[in-house]
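Just so you know, all these numbers are worked out from the coordinates, no wet-lab data involved. Fair warning: this is a prediction, and the values are worked out from it, not measured in the lab. Note that each Cβ is placed from the backbone with ideal geometry, even for glycine, and that neighbours are counted across all protein chains shown.
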Amino acid sequence: MATHYARFRRWGYWAGGLAIALALYSLAEGAETFIIHPDGILGIKHLLAALATGLGFGTLVALTASYYLEGSYYTEPRVANLIGLAAAGVAFLVVEIGFVVSNTHLGDFSGSKLLLAAIGQSFAKNQYGLPILPA
């Protein structure tokens with residue numbers, strides 16, 4: 001790792017971004033049980049799902065592009081990263097269009113206040129691991 005940091009760094013960034021997106025989606029999914037109206041956080045949940053899907057697809061495309069382009073054409077690593085970023089953006093838009101076509105709630109920031117309130121209640125003073133009850 002110490003000798004190949006420059007080659008590993010971009011994959012660390014891609015994997016870190018994907019891990020953060022999946023963790024945020026998991027947080028929204030887990031907090032849904034502690035909110036009285038679970039449909040209230042549907043917008044933020046769909047946004048985080050679309051973001052995780054886009055980053056996952058972008059990572060896969062960047063990995064594939066890196067394998068073929070750098071092995072065959074000796075291109076710079078940033079070319080594969082740009083292709084991966086473009087693919088991530090397209091995948092995000094395709095998922096959002098899928099939400100529109102299926103007549104569900106579009107991924108947006110609606111419900112983020114409810115999600116942050118549930119998170120705040122779970123880390124409130126004197127909570128000490130007690131169960132979180134819907135407010």
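Taking every full run of DSSP H in the chain, the ones that stretch at least 27 Å from end to end by Cα along their long axis and average -1.0 or higher on the Kyte-Doolittle scale are 5-31, 42-72, 77-101.
Kirkwood hydrodynamic radius computed over the range 36-80 comes to 12.6 Å, based on all pairs of distinct alpha carbons. Helix content alone sets the calculated 222 nm mean residue ellipticity of the chain: runs of n ≥ 4 DSSP H residues at -39500 (n - 2.57) each, divided across all residues, give -24500 deg cm²/dmol.
Dividing the mean sequence gap of close Cα pairs (under 8 Å, 6+ apart) by how many residues the range 18-111 holds gives a relative contact order of 38 percent. Using only Cα coordinates, the Kirkwood hydrodynamic radius of the range 1-58 works out to 12.8 Å.
Considering the chain, its Cα convex hull presents a mean projected area of 11.0 nm². Full extension of the chain segment joining Ser102 with Thr64 gains 10.6 nm, where the gain is 0.36 nm per residue of separation less the Cα-Cα distance. Loop-located chymotrypsin sites (Phe, Trp or Tyr not before Pro) in the range 1-109 (DSSP state other than H, G, I, E, B) with a sparse environment of at most 12 neighbouring Cβ atoms within 10 Å: Tyr73, Tyr74, Phe109.
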